[in-house]
Amino acid sequence: MSALKDTAKSAMQTAVRLTPDKWLPGATSDPLMHKHGLLGAPVSRVDGALKVQGKARFAAEVAMEGLAYAGLVHSTIARGRIAAIDTGAAEAAPGVGLVMTYKNAPRMKAPALFGTSPSAAGASSLPIMQDASIHWNGQTVAVVLAETQEQADYAASLIEIRYEVEPAVTSFEMAKGRARRPESILGEPAELEIGDAKAGLAGAATVVDHIYRTPRYNHNAIELHAATIVWEGDQLIIHDASQLVNATASTVAGVFGLKDHQVRVISPYVGGGFGGKCLWDHQILGAAAAKLAGRPVRIVLSRESVFRLVGGRTTTEQRVALGANADGTLAALIHTGVAAMTTHNACPEQFTFPARHLYAAQNIHVAQEVADLDMLANTFMRAPGESVGTFALESAMDELAEALKIDPIELRRRIEPEKDPTSGTRFSSRNIVEAYARGAEHFGWSRRNPVPRSQRDGEWLIGMGCATATYPYYRFPGATARITLNADGQAIVAMASHEMGMGTATTQAQAAAERLALPLENVSFEYGDTALPPGTVAGGSSQTASIGAAVIAAFEELVPALLQLAGNDSPLAGLKASEVEARDGGLGKIDDPQSHESYASILSRAGRKEVVAEAKAPMPLEMQKYSMHSYAAQFCEVRVNAVTGEARVSRFLGSFDCGRILNSKTAASQFKGGIIMGLGLALTEETLFDERSGRIMNPSLAEYHVPVHLDVPAIDIIWTDIPDPHSPMGARGIGEIGITGVGAAVANAIYNATGKRIRELPITLDKLL
Amino acid sequence: MDIIINGRTIEFSVDPRTSLLDLLRDHLGLTGSKKGCNQGACGACTVLVDGERINSCLALAVQYQGRKITTVEGLARNGDLHSLQRAFIEHDGFQCGYCTPGQLCSAVAMVDEWERGLPSVVTQELAAQGIALDRDEIRERMSGNLCRCGAYNGIVEAITATFENLP
Ligand code: FES
Ligand code: FES
């Protein structure tokens, strides 16, 4: 974002902050947030029966006549040019229909880079297969289409390439020397100073000041990235595994010079996303090959290809310096650092975001830089920034507590801010102190001995640690919902949104049923298809609120439409929309149990089969007026083997404050899923990047270690369930917060167990010996 | 060649390089078995061969002539879900559902292995008469089936609830 836009944005924010609540759209709290029927109930997933029978069709499973299968060849150098490419043997191989390289690929525009407009989805702005140049080690240099996957893969192996190698920057150390400050970090200033943090630190009674390092990580959803693609005339249909169908359609349309409506993206089931199932080169290459070959294409990335073509979380180096006064309050909070990035993407890994909102300090300095490498574009992965940022910040808090000889929970209580420490805005709802208190009680925190290495069970050293988790509330503009209510009292709510396992389809059906006062079995939620009203990205833990706000808007259109249909012969005759509520499968006058008419009766008397209301959500001004975040207190118990250094997590508890919980069953699962990914971040996961060649060295699930059953103890989840008065349904995001704070909770527990402070993830056994 | 899949004999003829998994998914339209790595590292492709669990991505289809294969599509009986399938729904043993067919098939065979008295690496008393199918035994025996959504707690609970009344 340009400096000018930043100024305009901050002027807007100030204006919104000064606006009285009642002037904002959605001024009154959503009445649903206080209902206790379906909302919050542990409803089992609506797609459960399909999924346990293997009947849910994923992108690679869509049946199609005349399919060709794609095989890929990846570059083996990080930067340079293809000097010669010999595809003869591949073309002659059995079953091969097409070999596509830069020489014969259709002319395509570069994808619009994510963030440059609301409909831009490109993970990188590099043109795809348009010339001989190579920009990262692993870039696709050829696509082979054949009758079967086996034939395509074999033919791909026959392609011979000679490269002209050019010097590449593949070392983070080297790139750091030329680090730059980006214009903004996702729309927030890259640097922010309140007071004079350097002076504050120098004058502080107690100081901790350390560097923390985090490696590259990959999402590694178990479903491989895949698309089944067909051109029908000048219409392009992509069955994709996607967490942003609308932006994908519009960006792909731009690449091929089509209108948005000429591209349809369908994605009803996604086998895990976590930020990785977005628009990458493979969908575009698949569409280009389908166009050239004149037949439908299935492109399924191998696990190695996923590592080579789909970016992950980038590496960071962070400094956290805390200066405390004698009473434990903060004189200075400094969080600065650098993340590896490229010149052609826009994902700076916002690790300084937590420090902007969590703690009161007299002086604050946060600043982020990026270091450009010749590598695959890094991208958003579950809680980008906050996951690794909380590792540094919350490890430092633990170090400060120890230096001050204060309990780490008590330290955080003393620096709990009244209002947002950097923006100065009020918190919409923040109950982190309460979450800590309840978590500590459930976890048995009082049993922790603050002296490291004081609890032992045979070879095993035992320790406990805690850390704060935090993730912002986001609601993205542009969401449009459609409610179709029919004469049988059935409702369908529709929006092109996403279900990757979060429980969207279930939770939204619950919320809509509650809103319409219909039984759950009468309500369904349609999603995952750009033919539906437009949705927003399933990212930033924003989707529930984004859909919710659009459904409220559509409901506000539906009620007057129903009243009009009800006419003069209805018990509701003459009532205004503001005087009625949804009740017992119809509308009723507020505070008057007698005056009521069911939807079925209204529609049948009006001779209508259905009534349809569609509306767009208002702009998310609540995000500017208030400081809105989800919070949690994470508690971990580890056992570290004194002989081998092996660390095992024996207990874990997350105490969450995320507004209203809409489905206690699926929410608990999502929190646990985040925490488990956090255990991987803390202990086992790392994408190994060869700093000499720029090549990823462990592109497989055998060598990239995601947590398995035996790594995961029974995890306890509790929550405050205090509704946020300024969000739809009183709910804030829950998808990403679970992973935040976990790295530090584990590291702090390991310190308590062993007396060893590890400031570099993952905490593998070699670091503990 | 023929192969018996979920009780039905099926004739097939494929490129000898075709894995059992690709036979199921690409040639027979049985897409319940999933591909997560194609190299034996994730367990998403787990199917039962004569009741034993294997990673079908590591098996060549032509080696399975005449063998009885059970896939996730074959777990339900006459339209009634297997009790383990119902327990997965009840205990939320999945999120995206992609690892789920492999987890289900693996768990069915795992319980069978345990009933036959096969010990695991966490079994304390190898000579004991009966091994308790506790949390640790289940977690160890299911560790070949990865779940990136992190539904592990729900999966263990579903398995426990389904099989806890076994002898
Ligand atoms: S697909 Fe067979 S083990 Fe992963
Ligand atoms: S449910 Fe998504 S990988 Fe297991």
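Dipole of the protein assembly as shown computed with +1 at Lys/Arg Cβ and -1 at Asp/Glu Cβ about the Cα centre; of A:Gln564, A:Val43, B:Tyr98, farthest Cα towards the positive end is A:Gln564. Remark: the A:Met64-A:Glu418 segment gains 121.5 nm on full extension, using 0.36 nm per residue and subtracting the alpha carbon distance.
At full extension, A:Ala531 and A:Leu765 could sit 79.1 nm farther apart than now, given 0.36 nm per residue minus the alpha carbon distance.
Kirkwood Rh, Cα Rg: Rg to Rh for the range B:1-79? Please report the intermediate quantities before stating the final value.
Working: Rg = 11.4 Å, Rh = 12.3 Å.
Answer for the range B:1-79: 0.93.
The string of couplings for the range A:633-643 from the Karplus curve (6.51, -1.76, 1.60, θ = phi - 60°) is 10, 9, 10, 9, 10, 10, 10, 10, 6, 5, 8 Hz, one whole number per residue in order, with x for Gly and Pro.
About the Cα centre of the range A:475-619, how large is the charge dipole given +1 on each Lys and Arg Cβ and -1 on each Asp and Glu Cβ? Please answer in debye to the nearest 20. Each step should come with its number before you reach the end.
On the way: 10 positive and 17 negative charges, 58 e Å.
For the range A:475-619, the charge dipole is close to 280 debye.
Evaluate E = 1/(1 + (r/R0)^6) for A:Glu703 and A:His261, where r is the Cβ-Cβ distance and R0 equals 56 Å; express this FRET efficiency to the nearest 0.05.
Numbers: r = 44 Å, r/R0 = 0.78.
About 0.80, to the nearest 0.05.
Obtain the nm distance between the two label points defined at A:Glu147 and A:His34 by a simple spin-label model: each point lies 7 Å from its Cα along the Cα-to-C-beta direction. According to this spin-label approximation, the distance is 6.9 nm.
Roughly how many debye, to the nearest 20, is the charge dipole of the range B:83-163 about its Cα centre, given +1 on each Lys and Arg Cβ, -1 on each Asp and Glu Cβ, and no other charges?
Values: 6 positive and 11 negative charges, 51 e Å.
Charge dipole of the range B:83-163: 240 debye, to the nearest 20.
In this structure A:Ser117 has an accessible area near 50 Å², from a 1.4 Å probe over the protein heavy atoms. A convex hull fitted to the Cα coordinates of the range B:1-139 yields 129 cubic angstrom per residue. At a Förster radius of 51 Å, what calculated FRET efficiency corresponds to the Cβ-Cβ distance of A:Glu173 and B:His27, to the nearest 0.05? It comes to 0.55. Label zone of A:Ala83 (point 7 Å out along Cα→Cβ, amide N under 20 Å): in the range A:130-155 this covers A:131-139, A:141-142. Does the range A:111-178 come out rounded, prolate or oblate, given a ≥ b ≥ c as the square roots of the eigenvalues of its C-alpha gyration tensor, rounded meaning a/c under 1.5 and, failing that, prolate meaning a/b above b/c? Taking the square roots of the gyration eigenvalues as a ≥ b ≥ c, the range A:111-178 is oblate.
Given the DSSP H assignment, sum -39500 (n - 2.57) over each helix run of at least 4 residues in chain A and divide by its residue total; what's the result at 222 nm in deg cm²/dmol, nearest 500? Walk me through the intermediate numbers first.
Values: 20 runs with 201 residues, N = 769.
Dividing the helical sum by the residues of chain A leaves -7500 deg cm²/dmol.
Model label points for A:Glu191 and B:Glu125, set 7 angstrom from Cα along the Cα-to-Cβ axis, are 6.8 nm apart.
I need the calculated FRET efficiency for the pair A:Asp407 and A:Ser664, taking r as the beta carbon distance and R₀ as 41 Å, to the nearest 0.05. Could the numbers behind the result be given before it?
On the way: r = 31 Å, r/R0 = 0.74.
For R0 = 41 Å, the calculated efficiency reads 0.85.
Total buried accessible area between A and B, probe 1.4 Å, nearest 100: 4300 Å². Which lysines have a Cα less than 27 Å from the Cα of A:Lys51, not counting those fewer than 8 places away in the same chain? Cross-link targets: A:Lys277, A:Lys665, A:Lys672, B:Lys34, B:Lys35, B:Lys68.
If you roll a 1.4 angstrom probe over the protein chains with everything in place, what fraction of the accessible area of the protein assembly as shown belongs to carbon and sulfur, to the nearest %? The partial results should precede the final answer.
Details: 17140 of 33690 Å².
C and S atoms contribute 51 percent here.
Taken over chain A, the ratio of Cα radius of gyration to 2.2 N^0.38 Å equals 0.98. Considering only B:Tyr64, B:Pro16, B:Gly43, and ranking their Cα positions along the charge dipole of the range B:2-74 that arises from unit charges at the beta-carbon of Lys, Arg, Asp and Glu, the one farthest toward the positive end is B:Gly43. When Rg and Dmax are taken over the Cα atoms of the range A:272-349, they come to 21.5, 74 Å.
Per-residue counts of other Cβ atoms within 10 Å, averaged by peptide: what ranking do you get for A:584-592, B:99-107, A:313-321, highest first?
Working: A:584-592: 16.8, B:99-107: 28.8, A:313-321: 25.0.
Taking the mean over residues of other Cβ atoms within 10 Å, the ranking is B:99-107, A:313-321, A:584-592.
Think of each Lys and Arg Cβ as +1 and each Asp and Glu Cβ as -1; about the Cα centre, that makes the dipole of the protein assembly as shown roughly 1040 debye.
Give me the percent relative contact order of the range B:2-74, please, defined on Cα pairs under 8 angstrom at least 6 residues apart.
Relative CO of the range B:2-74 lands at 41 percent.
Here the spin labels are modelled as points 7 Å beyond Cα on the Cα-Cβ line, and at A:Glu91 and B:Gln63 they lie 3.7 nm apart. Translational diffusion coefficient of the range A:475-619 at 4 °C, 1.567 mPa s, Stokes-Einstein with Kirkwood Rh over Cα pairs, in µm²/s as a whole number. The estimated diffusion coefficient comes to 84 µm²/s.
Residues of the range A:41-59 buried by at least 50 Å² of accessible area upon assembly of all protein chains, compared with the chain on its own (1.4 Å probe): A:Arg45, A:Lys51, A:Val52, A:Gln53, A:Gly54. Along the axis of the charge dipole computed for chain A (Cβ charges of +1 for Lys and Arg, -1 for Asp and Glu, origin at the Cα centre), the listed residues A:Asn218, A:His74, A:Gly177 are led at the positive end by A:Gly177.
Largest first and in whole Å, what are the equivalent-ellipsoid semi-axes of the range B:83-163 based on the Cα gyration tensor, each being the root of 5 times an eigenvalue? Before the final figure, lay out each step's value.
Details: eigenvalues 105, 29, 21 Å².
Equivalent-ellipsoid dimensions as semi-axes: 23, 12, 10 Å.
In the context of the full set of protein chains, the protein assembly as shown has a per residue accessible area of 36 Å² (1.4 Å probe).
The values are calculated or read from the model by the stated rules, or taken from the named source; none is laboratory data. These figures come from a predicted structure and were not determined experimentally. So basically every Cβ, Gly included, is an ideal-geometry build from the backbone, and we count neighbours across all protein chains shown. Ligands, DNA and RNA are stripped out before the accessible areas are found, and what is left, the full protein with its side chains, is counted by its heavy atoms. Shrake-Rupley method; radii C 1.70, N 1.55, O 1.52, S 1.80 Å.
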